[in-house]
Amino acid sequence: MFPRPLKAPSSTWLGDGNVESLIRGAADRAVQELADIVAADGAAEEEYLTPSLLALLSDNIDAVKAALVLAGMDGSSPKIEVERRIVPKSEEEIGADIGVVVSIQVPAHATITYGDLAQIKKSKLLRKPGPGSDSWAIAISQLEELLRCSATVMYWLIA
């Protein structure tokens, strides 16, 4: 059961440094794999890159779940499940590319659900390669709309 007061403090709500490390590793692998896609198809629109990123994150986090089971940690560590759904552009009401919903369940104690938004932006250099440095176009009206929905909205910048 959590928390584990004699262990080193964790940096997330998971309360388990080993599991946190596995999830960070999964996210790092997803980003590295996305870099290969961007290198090959960087000129593609965000609508192609975003589902690729989500699929990579989902697959790599599912591998964490499998690793927990194989290591015999499944009974004592947090259980992790990832689901994703692609929403057609016609259903986008606020302009966010990604909605993240996290549901935390501590049986017989609490259930907490929260969400946040992310907007994907691609470097201008990926649209028109040439000399210069990475820069991203942020539409102020879109940012204001996103901030009306969430004060902690994120931008995920693809270089």
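The values are calculated or read from the model by the stated rules, or taken from the named source; none is laboratory data. For clarity, every value in this text was computed on a predicted model and none was experimentally measured. Because the Cβ atoms are built from the backbone with ideal geometry, glycine has one as well, and the counts that use them run over all protein chains shown. Heads up: the accessible areas ignore ligands, DNA and RNA and are worked out on the full protein's heavy atoms, side chains in. Shrake-Rupley method; radii C 1.70, N 1.55, O 1.52, S 1.80 Å.
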* Structure fact -> When segment 138-159 is checked residue by residue, the ones that are in a loop (DSSP other than H, G, I, E, B) and surrounded by 10 or more Cβ atoms within 10 Å (Cβ to Cβ) are ILE138, ALA139, SER150, VAL153, ALA159
* Residue check: is ILE80 aliphatic (A, V, I, L, M), in contact with an Asp or Glu (Cβ under 6 Å, 6 or more places away or on another chain), in a loop (DSSP other than H, G, I, E, B) and surrounded by 12 or more Cβ atoms within 10 Å (Cβ to Cβ)? -> no
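Determine whether GLY115 is in a strand (DSSP E or B), at pLDDT 85 or above and loosely packed, with under 14 Cβ neighbours inside 10 Å. Before the answer, list the steps.
On the way: in a strand (DSSP E or B): yes; at pLDDT 85 or above: yes; loosely packed, with under 14 Cβ neighbours inside 10 Å: yes.
Spelling it out, GLY115 is indeed in a strand (DSSP E or B), at pLDDT 85 or above and loosely packed, with under 14 Cβ neighbours inside 10 Å.
Would you pick out the residues in segment 37-70 that are touching an Asp or Glu at 6+ places or on another chain (Cβ under 6 Å) and in contact (Cβ under 8 Å) with a residue 60 or more places away in the chain?
Going residue by residue through segment 37-70, those that are touching an Asp or Glu at 6+ places or on another chain (Cβ under 6 Å) are 50, 56, 68.
Matches in segment 37-70: THR50 only.
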* To do: For residues that are over 16 Å from the mean Cα position of the chain (by Cα) and open to solvent by 80 Å² or more (accessible area, probe 1.4 Å), scanning just segment 14-39, find the one that is modelled with the lowest pLDDT.
  => ASN18
